[in-house]
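Taking it in order: structure first as structure tokens, then the write-up.
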Amino acid sequence: MTTLLNRVARPVKAASRQAQALVIAGALTVVAGAPSASAEDIKIGVPLSLSGSVAFAGTKMREAMELAFEEVNSSGYLGANKLVPVWADDRSSQPQGISVTQQLALRDNVSAIVGYTASNICLASLPVAQELKVPTLQSDCVVPGLDAIGNYVYNGVRPYESFVLELVDKLVPAKQIKTAAVIYLRENPVFTRLAPAITKAFEKNGVKVVATEAVTGGGDADFSAQLTAIANTKPDILAILTLGGQVGPVMVQARRAGMEKTLFIGEQSFDSADVRRIAGPNAAGAYYPSHWFADSPLPRNQAYVKAYRAKYNRDPDTFATNGYNGVWLIAQIVKKAGSGDRAKILAAMESPGVYETVFGTEGKTKFENRMLTMTPFFFTIGADGKIARFEGK
Amino acid sequence: MSLSGIELWLRIYDHTIATALINSIVSLGLYISLRAGLFNLSVVAFQALGAYTAGILALRLNLPTPLGVIAGVAISLLIGTVLVFPILRLKGHYLAIATLSFGAIVQALALNLDDLTNGPGGLIGVPKTVTIWHLLIVLIVALYCTWIVQFSRMGRAWDAIRTDESAARAMGINVEHYRLIAFLATTALSALAGALWAHVNRVIVPSEFGFGQLTLALVNTLLGGISSPIGPVLGAIIVSSMPDWLYKFEQHREAIIGAILVVVVIYLPNGLVAPLRAIKAAVARRFRRAAIGAAGG
Amino acid sequence: MLLQQLVNGIIAGSVYALFALGFNLVLGAMNILNVAQGAVFTWSALVGFYLIKVYGLPFPLALLAAVAAGGLLNMLIEVLVFRPLRNRGGSAMSTLVASIGVSMILISAAQTASDAQVERFPFGTLPEIQWSALSVRLTFTQAVVLVTTLATMIGTYLLLHRTRLGKAIRTMAFNERTAKMLGIPTESVARWTFFLSGALGGLAGVLLGLMFSTVHFLMGEPYVLKGFAAIVIGGFGSVIGVIVASIMIGLAEVFSTVIGVGAFRDVIIFGMLFMFLLFRPNGLFGKDEEVRP
């Protein structure tokens, strides 16, 4: 319906988008499922945090997912079948996450669910989806343990741990790092898990971890006490494991506290224009892994970024891309299943297969233990604030 | 609606209803303190204590749910009893700040005592053994008790203390005694709601026991009004069912709740129950008049 | 390092003090615990940020405008919310609840206005100079914060004790009915009290945003509870007490990190607050107010 209205309103734009969608669909090499005899509207539940504390991420996901649904439907990728999104807002709250999952599964009778924004909502809601036997692909939560929820729950993203550890293995010999320190956000399970993991990785590489400090979240921006304590130990590298909004201020205050030459290492939260804007020249010497970046050369990604820019007049971010990728993953699964039947979709998810994504250096990937595999990119930020690929030298 | 239709409806809205019922119990707890003139902001703290106690006992010791729930209430009452004497020596803003900072301490401990609470990751996989029927029964019993107490000597004492403390004292009311009971009743109901919540939500994380939850309890209670125990329950149900008709304004939800708070406090100090009562009285008057008119004719 | 941590603690504490002074002023004179002070703090920082970033105003002008904006916003809250509430005989509880409501509205508006982005004052808003002596580093920005805070504290003290407005405010703090009988225009004094309080909050907001490279819609949040702590520990209505208590809180936070229990800093601060309330509710410097029944 939305697509139809858009077409009437903006015929030129819609046509070009359709052309792009065809390019993307044409590039897909998934084993084609048996095309269904009659046209079917396949309802896909899309729970997201559209309001509340993580709405900044959820709203970005929704935009890119709308684009992906349009592409799937207008390109005729599923033949006569169409994906019909049923949007739901969990208000960044756990109980609401459980409530909307129940409503999507029982009231709206969706064939599958794709979405969820925040890790704590995934933790509460995914067991409910499992219990109600709805094939579910969460596409933004990176807290460990989601692969163990049950056979109905798949993960379209994966925890950063393995990426960060890989980066440590590369970085330590390349930069002859001897000592390291860790500063992490205490209130977020992603970071409380990552802090000991990266400590182990440093130690495995013969690096001495000389200081570990916790910071609190919310509006707190004064990290001077922690950074003074860390600066006193003169580490070669500082792991900054906080949310994006805090990374910039930590970098600035770290340099001010006397860590002028210390390298920084972090995860996905380093990858934002905000961090570079807030830290400015202080971000020089920062390293991070990422499963995606806007200039990734994969043709599929180039087409996506172009379409997103055309529709929203700005660059997509990681949240948007995670959502976009989730919709195309579910489209490929539904195509394999050939119908909106939950059992068939589950069988399609369970059968081994290669999927096209915009993620990683390869794009093509598969599920392992119900979790998408991918090979990350590594980046470094230069003194001029520009990002460059880091190849381990 | 057919019977199976009702059954399906109950399954679809299971968690929504459960949330509304839990919020009703908490609001009823807060109501008792406010009724006694105590600005007691510790409801969320005791909710957290109840939830964590029940959750930890269920997960670590595999204790049956009723035992865990009772333990949650008992531990909260124990802590409440230790705190109640010093806290009740304070009044007004001081009591509010003291109970608020108790809440901040409980939340910070839940976040940092990893061995016990699993820190920010929270307790996961608490068995879902509590149904909306259990909650409904608990709410009805609590509502009934509050109703009875309200019209008893204790209820009248609470009203007297709230209206004018020194006058109440002059009338020979044992102010300390009645305030202590109100505080502990609030503690018990909040902890009970929290312990049940652990077995409804399955996941307990520290972030769900912050200032936002407290604001929600205040909104529920004040929107309904503190003139009748029905008030907070009504308030909780209205606020919990708000999302559907507020959907378009979701991004401004916080602002809307804030505006409701301001408007209610200034213009409806007795909550929604007051205008409802006025309407009911007006209707009753008209009926009486009509009846008299009919009898006269 | 200990010396540096001492400096860190004093600087953090002096920003708390600016914030808490405004809090304390309204609480003392009006008996209102204005939670919305945190949102006023945030909005002033946002106004200062936009004036510099978008309109290219020089820093001193932008600071002045942001401080005035904080004052006016707080005055507006008094006129639109607290005065009607007083006229209707609202209790201490209802004023606190109303201020929570106002705070939610303002923070939500700040979230919309800033698109939930974290911003910073542009590089070079103040010269990027850093001095270093005796292993202590002090940036120009930090020095500005210290000097401004000190000047403001002295200014506030003088205003309260040497001017007619100050006298009127203190009389109202003593007893509003007495103030009325003495012919003090209480409504207008109330408005100016709120203005002053908002201006202090606004000053704290801009300085903090500048010093920690952050302007964010949630930046006022941690300050509200710490402001409560400073008032209680310092003593109801005492300017000196609040300043001493704020710096104590700043130091306690920093030294919790030094001794390795940084994760528990909130437990320590609120534990301190709690202990004071229970055992010394009049605080360090408070007069023997009637806080107990």
Of the conditions (1) surrounded by fewer than 22 Cβ atoms within 10 Å (Cβ to Cβ); (2) farther than 22 Å from A:A197 by Cβ, the single one that A:T216 does not satisfy is (2)
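Conditions (1) at the interface with chain C (Cβ under 10 Å from one of its Cβ atoms); (2) surrounded by fewer than 19 Cβ atoms within 10 Å (Cβ to Cβ); (3) closer than 16 Å to A:V182 by Cα; (4) acidic (D, E), marked per residue:
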site	(1), (2), (3), (4)
A:K208	no, yes, yes, no
A:A231	yes, no, yes, no
A:K234	no, yes, yes, no
A:R256	yes, no, no, no
A:P316	no, no, no, no
Among the candidates B:L136, B:L100, single out the residue that is crowded, with 18+ Cβ neighbours inside 10 Å, more than 14 Å from chain A (Cβ to nearest Cβ) and part of a helix (DSSP H, G or I). B:L100
Per the list (1) small (G, A, S); (2) over 19 Å from the mean Cα position of the chain (by Cα); (3) within 11 Å of another protein chain (Cβ to nearest Cβ), residue check on B:A58 breaks on (3)
Within segment B:184-219, residues of a type in the set (F, W, Y) and within 9 Å of chain A (Cβ to nearest Cβ) come out as B:W197
Just to be sure I understand the filter: pairs with C-beta atoms under 6 Å, separated by 6 or more residues or on different chains, first member in segment C:255-282 and more than 8 Å from chain B (Cβ to nearest Cβ), second member basic (K, R). Which pairs pass? C:S256/C:R265
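If you go through segment B:104-113, how many residues are more than 9 Å from every other protein chain (Cβ to nearest Cβ) and crowded, with 18+ Cβ neighbours inside 10 Å?
At the first step, the residues of segment B:104-113 found to be more than 9 Å from every other protein chain (Cβ to nearest Cβ) are B:106, B:110, B:113.
Now narrow it down to the ones that are crowded, with 18+ Cβ neighbours inside 10 Å: B:106, B:110.
Residues meeting the conditions: 2.
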Residue pairs, Cβ under 8 Å, 6 or more apart or interchain, first in segment C:93-116 and more than 19 Å from A:A57 (Cβ to Cβ), second among the hydroxyl-bearing types (S, T, Y) and assigned to a helix (DSSP H, G or I). List them. C:I100/B:T215; C:M104/B:T215; C:L106/C:T42
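If the requirement is being more than 14 Å from chain A (Cβ to nearest Cβ) and in contact (Cβ under 8 Å) with a residue 60 or more places away in the chain, which of these qualifies: C:V15, C:V7, C:V79, C:V54?
Working: C:V15 fails: more than 14 Å from chain A (Cβ to nearest Cβ); C:V7 fails: more than 14 Å from chain A (Cβ to nearest Cβ); C:V54 fails: in contact (Cβ under 8 Å) with a residue 60 or more places away in the chain.
The conditions single out C:V79.
Within segment A:324-336, can you find the residues that are closer than 19 Å to A:P352 by Cβ and either at pLDDT 95 or above or touching a strand residue (DSSP E or B) at 6+ places or on another chain (Cβ under 9 Å) (or both)? Reasoning before the result, please.
Keep residues of segment A:324-336 that are closer than 19 Å to A:P352 by Cβ, which gives A:328-336.
Within segment A:324-336, A:W328, A:L329, A:I330, A:A331, A:Q332, A:I333, A:V334 qualify.
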List, please: which pairs have Cβ atoms under 6 Å, are six or more places apart or on different chains, and start with a residue in segment A:360-376 that is touching a residue at least 40 places away in the same chain (Cβ under 8 Å) and end with one that is buried (at least 17 other Cβ atoms within 10 Å of the Cβ) and not in a loop (DSSP other than H, G, I, E, B)? A:G363/A:R300; A:R370/A:Y154; A:M371/A:N155; A:L372/A:T365; A:T373/A:T365; A:M374/A:T365; A:P376/A:F163; A:P376/A:P289
Note on segment C:89-133: residues aliphatic (A, V, I, L, M), within 12 Å of chain B (Cβ to nearest Cβ) and either in a loop (DSSP other than H, G, I, E, B) or touching a Ser or Thr at 6+ places or on another chain (Cβ under 8 Å) (or both) are C:I100, C:M104, C:L106, C:I107, C:A110, C:A116
For segment A:95-119, which positions are within 8 Å of another protein chain (Cβ to nearest Cβ), of a type in the set (S, T, N, Q) and surrounded by fewer than 24 Cβ atoms within 10 Å (Cβ to Cβ)? A:Q102, A:Q103
Hits in segment B:114-124 - residues which are out of contact with any Phe, Trp or Tyr (no Cβ under 9 Å at 6 or more places or on another chain) and within 12 Å of chain A (Cβ to nearest Cβ): B:D114, B:N118, B:G119, B:G121, B:G122, B:I124
Note on segment A:78-94: residues acidic (D, E) and within 8 Å of chain B (Cβ to nearest Cβ) are A:D89
Only one residue in B:L49, B:L30, B:L83, B:L88 is within 14 Å of chain C (Cβ to nearest Cβ), of a type outside the set (G, A, S) and surrounded by 24 or more Cβ atoms within 10 Å (Cβ to Cβ). Which one? B:L30
Residues that are more than 24 Å from B:T99 (Cα to Cα), buried (at least 24 other Cβ atoms within 10 Å of the Cβ) and modelled with pLDDT of 85 or more: does segment C:252-261 have at least one? yes
Tally of residues being without any contact (Cβ under 8 Å) to a residue 24 or more places away in the chain and either over 15 Å from A:I237 (Cβ atoms) or within 20 Å of the chain's Cα centre (by Cα) (or both) across segment A:176-199: 2
Filter segment B:1-51 down to the residues that are touching a helix residue (DSSP H, G or I) at 6+ places or on another chain (Cβ under 7 Å), of a type in the set (V, I, T) and free of Cβ contacts under 8 Å to residues at least 12 places away in the same chain and list them by number. B:I12
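If I go through segment C:201-245 residue by residue, how many of them are assigned to a loop (DSSP other than H, G, I, E, B) and without any contact (Cβ under 8 Å) to a residue 24 or more places away in the chain? Explain how you work it out, then say what you get.
Restricting attention to segment C:201-245, the residues satisfying the condition of being assigned to a loop (DSSP other than H, G, I, E, B) are C:212-214, C:216-220, C:235-238.
Of the ones still in play, those that are also without any contact (Cβ under 8 Å) to a residue 24 or more places away in the chain are C:212.
The number of residues fulfilling the criteria is 1.
Confirm whether C:A179 is away from chain A (no Cβ under 14 Å) and farther than 23 Å from C:M104 by Cβ.
Working: away from chain A (no Cβ under 14 Å): yes; farther than 23 Å from C:M104 by Cβ: yes.
It is true that C:A179 is away from chain A (no Cβ under 14 Å) and farther than 23 Å from C:M104 by Cβ.
Could you pull out the residue among A:R309, A:R300 that is without any contact (Cβ under 8 Å) to a residue 60 or more places away in the chain, more than 14 Å from chain C (Cβ to nearest Cβ) and farther than 27 Å from C:P122 by Cα?
Numbers: A:R300 fails: without any contact (Cβ under 8 Å) to a residue 60 or more places away in the chain.
Unique residue meeting the criteria: A:R309.
Give B:V264, B:V273, B:V233, B:V283 a once-over and let me know the one that is at pLDDT below 85, of a type in the set (V, I, T) and within 30 Å of B:A48 (Cα to Cα).
Working: B:V264 fails: at pLDDT below 85; B:V233 fails: at pLDDT below 85; B:V283 fails: within 30 Å of B:A48 (Cα to Cα).
Answer to the selection: B:V273.
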Here the qualifying pairs (Cβ atoms under 8 Å; residues six or more apart or on different chains; first in segment A:146-164 and farther than 14 Å from A:A112 by Cβ; second basic (K, R) and crowded, with 21+ Cβ neighbours inside 10 Å) come out as A:P159/A:R193; A:E161/A:R193
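The values are calculated or read from the model by the stated rules, or taken from the named source; none is laboratory data. Please read all numbers here as calculations on a predicted model, not as lab measurements. Don't worry about glycine lacking a Cβ; one is built from the backbone with ideal geometry, like all the others, and counts go over all protein chains shown.
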